[in-house]
Amino acid sequence: MSPWSWFLLPTLCLLPASAAPRRGAPASADCELQPQQSELNSFLWTIKRDPPSYFFGTIHVPYTRVWDFIPDNSKEAFQQSSIVYFELDLTDPYTISALTSCQMLPQGENLQDVLPRDIYCRLKRHLEYVKLMMPSWMTPDQRGKGLYADYLFNAIAGNWERKRPIWVMLMVNSLTEVDIKSRGVPVLDLYLAQEAERLRKQTGAVEKVEEQCHPLNGLNFSQVLFALNQTLLQQESLRAGSLQIPYTTEDLIKHYKCGDLSSVIFSHDSSQVPNFINSTLPPQERVTAQEIDSYFRQELIYKRNERMGKRVKALLEEFPDKGFFFAFGAGESQVTSDGTLGSDAPPTGGNAEVGPW
């Protein structure tokens with residue numbers, strides 16, 4: 001994974017969808033199958049036209065962890081499509097530059113100037129702990145590729161004192177042993193983008209960087225402080241051994257391998273945008289957590305899905321003779337009959353335009 005890819009925004013929730021039997025997927029994913037095999041899903045939808053176009057649901061983990069479990073029909077659809085579209089253009093240097101700029105505090109401001117002293121000191125202590133532990137978290141394979149702890153820490157957390165608190169919160173949430181061990185291998189989205197470029201396919205993006213970035217910067221300061229404090233509390237509890245995360249990246253990978261689209265695990269896609277709601281919070285803090293959750297759902301699910309869906313529909317109408325392959329986070333890979341990417345939409349299996357393989 002490239003050093004910057006940790007902050008690409010993941011899908012926040014998965015949508016209900018009709019199921020399709022998987023074709024060509026290995027049977028060794030240790031899946032606990034549902035009573036009906038048809039309840040599993042291959043994360044590939046066909047847009048029924050000539051030539052056909054496709055939606056494929058990706059996952060934000062190293063591609064090597066899931067590639068062998070992606071059914072052959074999905075890989076064939078990718079090979080056959082002449083145009084591949086992603087959420088963002090991950091191979092464009094401007095994308096990386098714009099994402100980096102979006103995270104920064106206004107010129108002349110530092111994190112120490114904007115955070116309460118106690119939160120700043122706790123944050124600094126935690127990052128010192130991560131830097132100390134990182135050499136022991138790295139794998140022999142990473143070291144064999146020349147990926148060293150100091151370089152990796154600076155690539156992820158370098159210049160952290162200049163970043164906006166919300167992005168520091170996301171950074172802290174990703175600085176875990178499991179995440180560090182996965183660095184050095186492209187996430188599935190990026191791998192597909194690199195393959196599309198290698199195969200000289202036409203590529204594009206349905207979103208602008210600002211549309212993914214600005215909603216996070218739109219939280220008010222008290223909400224950001226709450227989110228950062230809760231993230232630090234969670235990490236401190238994990239370090240002390242007094243907390244276990246209910247859903248891990250390993251759980252996410254297992255459910256993706258098994259084609260379990262309906263699993264609640266996907267609503268925590270790598271937990272890069274955490275869910276702060278829990279029953280132990282005092283009433284006022286629970287209200288704040290619910291406000292943040294509602295804000296993210298509105299901005300990063302509902303509005304985003306509608307916007308992306310309209311752009312997909314426009315592309316399909318403008319180029320009726322082209323075969324598209326849309327690779328989006330698995331939660332966006334469902335198109336309703338009105339051309340939107342529905343968030344709580346009914347299954348698409350009966351839709352005349354979109355159907356699962």
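Listing for the model above:
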{"quantity": "Å² per residue, accessible surface of the stretch 147-209 at 1.4 Å", "calculated": "40 Å²"}
{"quantity": "Projected label distance in nm at residue 92 and residue 306, using a 7 Å step from Cα toward the beta-carbon", "calculated": "2.4 nm"}
{"quantity": "Lysines with Cα under 27 Å of residue 201, excluding same-chain neighbours fewer than 8 positions away", "calculated": "48, 75, 257, 310, 313, 322"}
{"quantity": "Surface share of carbon and sulfur [accessible, 1.4 angstrom probe, percent] for the stretch 190-260", "calculated": "47 percent"}
{"quantity": "Cα centroid of the stretch 130-181 to Cα centroid of the stretch 54-75, whole Å", "calculated": "25 Å"}
{"quantity": "Three-way shape call for the stretch 186-231 based on the alpha-carbon gyration tensor, with the a/c threshold at 1.5", "calculated": "oblate"}
{"quantity": "Backbone HN-Hα couplings from phi across the stretch 150-164 [Karplus 6.51/-1.76/1.60, Hz, Gly and Pro as x]", "calculated": "4, 4, 5, 4, 5, 5, 8, 10, x, 6, 5, 6, 9, 8, 5"}
{"quantity": "Counted charge near residue 285, where neighbours are those whose Cβ lies closer than 14 Å (Asp, Glu -1; Lys, Arg +1)", "calculated": "-1"}
{"quantity": "Where labels lie 7 Å past Cα in the beta-carbon direction, separation of residue 100 and residue 201 in nm", "calculated": "2.8 nm"}
{"quantity": "Distance cut-off 17 Å, percentage of C-alpha pairs in the stretch 125-225 lying past it", "calculated": "64 percent"}
{"quantity": "Cleavage-rule hits, trypsin sites (Lys or Arg not before Pro), the stretch 133-210, DSSP coil, Cβ neighbours within 10 Å at most 12", "calculated": "145, 200"}
{"quantity": "Residues of the stretch 278-326: accessible area per residue with a 1.4 Å probe, Å²", "calculated": "56 Å²"}
{"quantity": "Sequence-distant residues sharing a close amide H with residue 54 (under 5 Å, placed H)", "calculated": "47, 324, 325, 326"}
{"quantity": "Gyration tensor (alpha-carbon) shape descriptor, the stretch 34-162, a/c threshold 1.5", "calculated": "prolate"}
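The values are calculated or read from the model by the stated rules, or taken from the named source; none is laboratory data. All values reported here derive from a predicted model rather than from experimental measurement. As a convention, Cβ positions derive from the backbone with ideal geometry for all residues, glycine included, and neighbour counts pool all protein chains shown. What goes into the accessible areas is simple: the full protein's heavy atoms, side chains included, and nothing from ligands, DNA or RNA. Shrake-Rupley method; radii C 1.70, N 1.55, O 1.52, S 1.80 Å.
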